Every structure is written in structure tokens, then in C-alpha cells.
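A.B. asks: Take a look at the following structure, please.
The values are calculated or read from the model by the stated rules, or taken from the named source; none is laboratory data. If you're wondering where the values come from, they're calculated on a predicted model, not measured in any experiment. No Cβ is skipped: glycine too gets one built from the backbone with ideal geometry, and neighbour counts run over all protein chains shown. In case anyone asks, the SASA skips ligands and DNA or RNA and just uses the protein heavy atoms, side chains included. Shrake-Rupley method; radii C 1.70, N 1.55, O 1.52, S 1.80 Å.
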Amino acid sequence: MRTGKVTLKTLVERTGLSLGTVSRALKDAPEVRPETRELVKQMARQLGYTPNLGGVKLRTGKTYTLCIVLPVDTRAQDFTDSGYMALTSGIHKALQGTLYSLIVQPQLMDEDELAGLRHVVEAKVADGVILTQTRPDDVRIRYLLEQGMPFVTYGRSELHTPHAWFDTDHEDMAYRATRRLLDKGHQRIALLNPPAHLLYSRHREYGYRRALREAGLPQDSALMTASELSAADGQQLVLQLAALPDRPTAFICANEYAALGALSAFQQLGWQAGRDACLIATDDSNISAYFVPPLTTYYSSLVDAGTALGQLLLRRIAGVAAEQLQQLTCAELLERQDDCWPPQGGGLSQ
């Protein structure tokens, strides 16, 4: 049994390769053949080799840390969009086998949105940044572009300067959800959207409006709502929409938490989902499979999104052009209800 610390010299002795080749193989240098890189990494895993990170940092001037900036809701506790745990899990998955670790920089609702970001950049806390909840003209993106800090965003922007991003096609998602409900016989479809200042809220509205336009139906602004992504907001919006003289027969919720609140509103109204109105969620955790009743959803994995974000940021840090690091994915339909209107054997409750 080997005792003592495993070093690069140990790997050189065991593989028969030169020190330079072993070192470059561990760094995934493209000039080292794939089979050689795998040989070195396999031996490193077998012997339990770990690099001296302090020494690596001194030699390279890097922190080997990535930072994700996450908004924090300081209001009274409620079921809200807590899917960020899944997102960070995906990022950690992308960092496995690298020297990088992840830290979180909270962004409080009532503080300057650049305050925490400036600390990360000016104090050289991280080598790269991940931003979420992007705006069309996002001052955080402008700041990072000006500073030359590698970054990737979860969501796009409308800035002319290209930047790395990963996004779900929310226009396509809202279009398909609305089109599906129209095909099922609905004509009064409500859209429960995220806050209007977020770009993906606009994308969802574009898709919703496009589906109505193609069907030759009027676009009633009373059916297009926006709020924070909480269960309380979902409940309140459904109660308000249910009071309309010509109330909706279907609701498209921005996430599962809003859908959970919508189901609570259904209970208060004496409605049954699928009988008195239909409910669709656009989700990222698939927990809506366990709602009563389980809901039809358009599913997009946050774990997969986090993995993609981590991979894109590592490539950006390595010098890959931002134009080559833009990835758009489509949501998957998980049909759990027929959502037909009028429902078979059902009635319309008022």
C-alpha cells in the first residue's frame, strides 16, 4: 500500500510520461491526446492525487472559484421560486473533476443590484459569474462587460454586445401551452406571468399572443397578469380573474409555486381542476406530478440548466468567444390531464 502524499512526480513514475505531459493532461490541454489525458486522470484517481490548490492559485493568479448571484426575497415567508437549489446542484455537477468551487452572492430586493456584484469583481472573489433573472437592458450585464469579467447568464438580454447565456425558449413554451388549450376548446385563457421587467416574461407574452392571433381570438389584457413567483401570488391572481364577468376557463401558471397557489384558490371557489377550469404549470422540478390532481406541465430541468451554465462559464473563462456560448432549449410536455373544454360530465361553477 502506498503511503505519503501523491505528487505529480508520483504520476510521472507510474505513467512513464514526462512531467510536462502529465501536468498538461491534468489541465485538459488540447495538445495532449485524449487517450493520454484519460490515462493520467485514471492514475490520479486510482492513487488519490489532489493538486496543491494554494500553489496552483499562486502560480496562475486564479481563485478557482465561480460565483452565482441569486435574488433573495426578504418579505414574509411563502412558497416561492426556491428552485435555485436544483440550479446550484447542476452547477456543482459541471464542476466535478475540476479545481473550481461555487459560492453564492445574495442580491437583496431592496439593495443596489450592483453592490454585491462590485464586491465580487473588485475584491477578485471569483474568476467568473453566473447571473439569473435577466432584464432586456440589464445593468449587471453591462457592468460585467465593462469590467471584462467572464460570465454567463440564465436568460437572455437585448443588449447589442454578445454574451454567454443559457435559456429555455419561454416564447415557444407559452405558445405551445396556449395552442394546446385552444385546440382543447378553451377560448378564455389566462396567463399568470412572472414580473414584467424580466425578459422571459415578455417572451412568454409574445408566445401567448401569437397563439391567440393565429386562432383569430381577441387579446384581452385583463387575462394577462404578472406578479412575483409565489404561491400567494398565484392564489390572489386566480381569485381576481375568477371574479371577471367572463372569467377564464384555463390558467397557464409561470411556475409550480404559482400553480400550487392557484389550486388553493380553486378550493376556496369550490372549483375542481379539470371540471370547473383547467390549470397548466410551466415547471422545473416536476413536483406538480404530486399535486391533486396532477397537472399537465411544460418541464425544463433546472439541474440540467445549472450543468449547462457551469460548462458554458468554464469555457468562457478558457477564452471561448461569447458568440459560441449561447444555448436555447425547449421544454418537454408532460400531459397528465386531458384539459378539454367543456369537460365531459362536468359543469361550470360560478
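A.B. asks: Considering each of LEU217, LEU192, LEU237 in turn, give the residue that is closer than 20 Å to THR296 by Cα, at pLDDT 95 or above and outside any helix (DSSP H, G or I). Lay out the reasoning, then the answer.
C.D. replies: Values: LEU217 fails: closer than 20 Å to THR296 by Cα; LEU237 fails: outside any helix (DSSP H, G or I).
The match here is LEU192.
A.B. asks: Search the range 43-52 for residues being assigned to a helix (DSSP H, G or I) and within 14 Å of SER23 (Cα to Cα), and hand back the single one that is most open to solvent (accessible area, probe 1.4 Å).
C.D. replies: At the first step, the residues of the range 43-52 found to be assigned to a helix (DSSP H, G or I) are 43-47.
Applying the additional criterion that residues be within 14 Å of SER23 (Cα to Cα) yields 43-44.
Values: MET43: 28, ALA44: 9 Å².
The qualifying residue most open to solvent (accessible area, probe 1.4 Å) is MET43.
A.B. asks: Can you tell me how many residues within the range 82-139 are in a helix (DSSP H, G or I), in contact with an Asp or Glu (Cβ under 9 Å, 6 or more places away or on another chain) and of a type in the set (Gly, Ala, Ser)?
C.D. replies: The total comes to 2.
A.B. asks: Can you find a residue in the range 73-83 that is of a type in the set (Lys, Arg) and either touching a His at 6+ places or on another chain (Cβ under 9 Å) or modelled with pLDDT of 95 or more (or both)?
C.D. replies: So far as the range 73-83 goes, no, none of its residues is of a type in the set (Lys, Arg) and either touching a His at 6+ places or on another chain (Cβ under 9 Å) or modelled with pLDDT of 95 or more (or both).
A.B. asks: Quick one: in the range 246-271, of everything that is in a loop (DSSP other than H, G, I, E, B) and at pLDDT 95 or above, which residue is nearest to PHE291 (Cα to Cα)?
C.D. replies: Pass one, the range 246-271, residues in a loop (DSSP other than H, G, I, E, B): 246-249, 254-255, 270-271.
From what is left, the residues that are at pLDDT 95 or above are 246-249, 270-271.
Values: ASP246: 27, ARG247: 24, PRO248: 21, THR249: 19, GLY270: 17, TRP271: 15 Å.
This residue is TRP271.
A.B. asks: For the range 272-298, what are the residues that are modelled with pLDDT of 95 or more, under 26 Å from the mean Cα position of the chain (by Cα) and among the charged types (D, E, K, R)?
C.D. replies: Result: no residue meets the conditions.
A.B. asks: If you go through the range 194-219 one residue at a time, how many are out of contact with any Pro (no Cβ under 9 Å at 6 or more places or on another chain), open to solvent by less than 50 Å² (accessible area, probe 1.4 Å) and over 21 Å from PHE166 (Cβ atoms)?
C.D. replies: Qualifying residue count, the range 194-219: 4.
A.B. asks: With respect to the numbered conditions (1) over 17 Å from the mean Cα position of the chain (by Cα); (2) open to solvent by less than 50 Å² (accessible area, probe 1.4 Å); (3) within 18 Å of LEU325 (Cβ to Cβ), which one is the sole condition not fulfilled by LEU117?
C.D. replies: (3)
A.B. asks: Which pairs turn up if I take residues in the range 240-252 that are closer than 18 Å to LEU182 by Cα and look for partners that are open to solvent by 80 Å² or more (accessible area, probe 1.4 Å) and assigned to a loop (DSSP other than H, G, I, E, B) with beta carbon separation below 9 Å, at least 6 apart in sequence or on another chain?
C.D. replies: ARG247/GLN350; THR249/GLN187; THR249/PRO342; THR249/LEU348
A.B. asks: Can you name every residue in the range 141-187 that is within 22 Å of ALA305 (Cβ to Cβ), out of contact with any His (no Cβ under 7 Å at 6 or more places or on another chain) and assigned to a helix (DSSP H, G or I)?
C.D. replies: Listed by number, the residues that qualify are LEU144, ASP172, MET173, ALA174, TYR175, ARG176, ALA177.
A.B. asks: Still on this structure: Using the structure shown, decide if GLN327 is open to solvent by 40 Å² or more (accessible area, probe 1.4 Å) and assigned to a strand (DSSP E or B). Quick ask: steps written out before the conclusion?
C.D. replies: Values: open to solvent by 40 Å² or more (accessible area, probe 1.4 Å): yes; assigned to a strand (DSSP E or B): yes.
Criteria met by GLN327.
A.B. asks: Could you tell me which of the residues ALA322, ALA265 is more than 21 Å from LEU191 (Cβ to Cβ), surrounded by 14 or more Cβ atoms within 10 Å (Cβ to Cβ) and among the small types (Gly, Ala, Ser)? If you could, list the steps in order and put the result at the bottom.
C.D. replies: Numbers: ALA265 fails: more than 21 Å from LEU191 (Cβ to Cβ).
From the options ALA322, ALA265, the qualifying one is ALA322.
A.B. asks: Go through the range 1-49 and count every residue that is closer than 20 Å to THR98 by Cβ and in contact (Cβ under 8 Å) with a residue 12 or more places away in the chain.
C.D. replies: Looking only at that region, the number is 19.
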